[in-house]
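S.K.: Supplied in structure tokens, the structure appears directly below.
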Amino acid sequence: MPSTQRLNVTSEYGLLKTVIIHRPSAEIDRLLPDNYRTYLFEDIPYLEKIHSEHDHFASLIRSKGAETLYFEVLLEEMLRDEAARYDTLEAVVALERCESIMNDLMLIPTPELATMLLAGLRANEARARGFKVSQYLPDDWMMISPVPNVYFMRDPSAIVGNSIISSNMYYPARVRESLLIEHIFRYHPRFMKADAFAYGTHNDERYSSIEGGDIVVLNKEAIAVGCSERTSTDAIAHLASNLFRRGSIKRVYEVLVPPKREYMHLDTVFTIVAPQTICAHKRSFMESPQTRLYEVADNEKGYKLHTEGRTFTDVLRDEFGALTIIEVAGGDKYYADREQRTDGANVFTIAPGVVVGYDRNQRTNAALRAAGIEVLDFEGSELVRGLGGARCMTMPIEREDGEK
């Protein structure tokens, strides 16, 4: 294990070196007919099948030489340290309002504890372990809720340059995901990156929501951030100020994303697949002149805000120098919305011009291939029940630099 992990994400398409993913596990089996929508799923996945789909997905990422770090393994390794375990559990029980079982949790064997922090803990399971549990709690009460969305690793955190953004998740069902990955970055011996956080670690950054799926790195100097259902304009302004202060970038573009379920993040409607080349559900948002630009202030404190007359397409042309747009389903009006629903635009770029994506988005994949993009496709009929695609399932932490 390296003594310290390099963080470097200055593009979306530079050759992928290291990425964090999570293999869906016991937390998926907590989904029931009366709770799966609360946990933001479209349906209940079949665990055995979702395993095989995710394993194929991971193998495709590794096929070009990338290292895959598994979140569940990192979590268990981090929890072996007593101080890290205590701080993590203290935060979890405060969030879940189950402080009475803190001491009991500290004594659980580390592998079981790591599983519990993902799959949750019912009152009857706690009683079976001899925990101090109120007699008034019904057996099926979730003392610690499951986090079945955690295989969408893109959202709880993001790397911009060498800075860490700790997300403030919009829905309560996902808040613990961000807490856990933040503690991994702080305490895991591979990271120990307490000084690398650019957002999310102070109380004044916890009032407005922001999620990693809304953050897209355009180049070394600029990022785009979706102002969506799950990311607020206040959070974008605060993030821009912090990144400028750290010297991470020079420009932050705020891009309006329609507040629809199938457009939940910027990366569900737009991804960068090669230099000067994007895949997008174009008609959903790219031609509306509602972009805002944050730039470093002259005194290098705070930011300057410009309400843009440019569309997002204009911005991309200006940042890239030229722009090729590959539309979802090849722009076919009958199939674009259908393939957008199954994350046609949400492909994951693992090298310049090489992407991973669902095989079911046949027309989008055909359009990508016709444009010279290599598409490594995989079955995702169970994975997509959480309404997320290949990019959603990854948290890149190191890439080779891309061209500007």
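Here is a yes/no grid of residues against (1) part of a loop (DSSP other than H, G, I, E, B); (2) in contact with a helix residue (DSSP H, G or I) (Cβ under 6 Å, 6 or more places away or on another chain):
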site: S208; (1), (2): yes, yes
site: I223; (1), (2): no, no
site: G226; (1), (2): no, yes
site: F244; (1), (2): no, no
site: V252; (1), (2): no, yes
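S.K.: Moving to a separate point now. Which pairs have Cβ atoms under 8 Å, sit 6 or more apart or on different chains, and link a residue in region 45-69 that is of a type in the set (K, R) to one that is not in a strand (DSSP E or B)?
M.R.: As it stands, the answer is K49/S381; K49/E382; K64/L15, since those pairs meet every condition given.
S.K.: I need the full set of residues from region 76-98 which are farther than 14 Å from M142 by Cα and either charged (D, E, K, R) or in contact with a His (Cβ under 8 Å, 6 or more places away or on another chain) (or both), in order please.
M.R.: E76, E77, M78, R80, D81, E82, A84, R85, D87, T88, E90, A91, listed by residue number.
S.K.: Let me ask something else. Return yes or no: is V269 farther than 18 Å from Y294 by Cα, in contact with a Phe, Trp or Tyr (Cβ under 8 Å, 6 or more places away or on another chain) and in contact (Cβ under 8 Å) with a residue 12 or more places away in the chain?
M.R.: For V269, the condition - farther than 18 Å from Y294 by Cα, in contact with a Phe, Trp or Tyr (Cβ under 8 Å, 6 or more places away or on another chain) and in contact (Cβ under 8 Å) with a residue 12 or more places away in the chain - is met.
S.K.: Still on this structure, please answer the following. Would you check if I101 is β-branched (V, I, T), touching a helix residue (DSSP H, G or I) at 6+ places or on another chain (Cβ under 9 Å), in a helix (DSSP H, G or I) and free of Cβ contacts under 8 Å to residues at least 60 places away in the same chain?
M.R.: So I101 fits the description; yes.
S.K.: If you don't mind, there's one more thing I want to ask. Among the listed residues E72, E90, E48, E76, identify the single one that is in a helix (DSSP H, G or I), in contact with a helix residue (DSSP H, G or I) (Cβ under 6 Å, 6 or more places away or on another chain) and either among the acidic types (D, E) or closer than 23 Å to R129 by Cβ (or both).
M.R.: E76
S.K.: Check whether at least one residue in region 280-297 is charged (D, E, K, R), assigned to a loop (DSSP other than H, G, I, E, B) and more than 22 Å from the chain's Cα centre (by Cα), and report yes or no.
M.R.: yes
S.K.: I would also like to ask the following. State which residue is nearest to E42 (Cα to Cα) when the search covers only region 161-179 and only residues that are surrounded by fewer than 24 Cβ atoms within 10 Å (Cβ to Cβ) and among the hydrophobic types (A, V, I, L, M, F, W, C).
M.R.: Filtering first and then ranking leaves A173.
S.K.: Next question, about the same structure. Please identify the pairs in which a residue from region 106-127 that is over 19 Å from P156 (Cβ atoms) has its Cβ atom under 9 Å from the Cβ atom of a residue that is of a type in the set (S, T, N, Q) and outside any helix (DSSP H, G or I), counting only partners at least 6 apart or on another chain.
M.R.: Close Cβ pairs (under 9 Å, with a partner that is of a type in the set (S, T, N, Q) and outside any helix (DSSP H, G or I)) amount to L121/S145; A123/S134.
S.K.: Return yes or no: is R310 farther than 26 Å from K220 by Cβ, assigned to a loop (DSSP other than H, G, I, E, B) and of a type in the set (K, R)?
M.R.: Against the criterion (farther than 26 Å from K220 by Cβ, assigned to a loop (DSSP other than H, G, I, E, B) and of a type in the set (K, R)), R310 does not qualify.
S.K.: Among the residues of region 387-402 satisfying the criterion of being touching a helix residue (DSSP H, G or I) at 6+ places or on another chain (Cβ under 9 Å) and either polar (S, T, N, Q) or at pLDDT below 90 (or both), which is nearest to E339 (Cα to Cα)?
M.R.: So the residue we want is L387.
S.K.: Go through region 353-399 and give me each residue that's surrounded by fewer than 23 Cβ atoms within 10 Å (Cβ to Cβ), part of a loop (DSSP other than H, G, I, E, B) and not polar (S, T, N, Q).
M.R.: Across region 353-399, the qualifying residues are G353, D359, R360, A371, G372, I373, E379, E382, L387.
S.K.: Same structure, new question: Would you check which residues across region 58-79 are touching a strand residue (DSSP E or B) at 6+ places or on another chain (Cβ under 9 Å) and either buried (at least 17 other Cβ atoms within 10 Å of the Cβ) or under 25 Å from A119 (Cβ atoms) (or both) and list them?
M.R.: If the condition is that a residue be touching a strand residue (DSSP E or B) at 6+ places or on another chain (Cβ under 9 Å) and either buried (at least 17 other Cβ atoms within 10 Å of the Cβ) or under 25 Å from A119 (Cβ atoms) (or both), then A58, S59, L60, I61, A66, T68, L69, Y70, F71, L74 are the ones that fit.
S.K.: Taking region 313-334 only, how many residues are closer than 19 Å to V217 by Cβ and among the aromatic types (F, W, Y)?
M.R.: Going through region 313-334 one residue at a time, the tally reaches 1.
S.K.: I've got another one for you. Can you tell me which residues in region 111-168 are under 30 Å from E400 (Cβ atoms) and part of a loop (DSSP other than H, G, I, E, B)?
M.R.: Answer for region 111-168, where residues must be under 30 Å from E400 (Cβ atoms) and part of a loop (DSSP other than H, G, I, E, B): F152, M153, R154, D155, P156, N162, S167.
S.K.: Identify all residues within region 313-339 that are in a loop (DSSP other than H, G, I, E, B) and not hydroxyl-bearing (S, T, Y); write none if there are none.
M.R.: Across region 313-339, the qualifying residues are G321, A322, L323, D332, K333.
S.K.: Could you list, in sequence order, all residues of region 11-41 that are in contact with a Ser or Thr (Cβ under 8 Å, 6 or more places away or on another chain) and either more than 30 Å from V217 (Cα to Cα) or in a loop (DSSP other than H, G, I, E, B) (or both)?
M.R.: Hits for region 11-41 are E12, Y13, S25, A26.
The values are calculated or read from the model by the stated rules, or taken from the named source; none is laboratory data. This structure is a prediction, so every number in the text was calculated from the model and none was measured. Neighbour counts run over all protein chains shown; Cβ positions are idealised from the backbone, glycine included.
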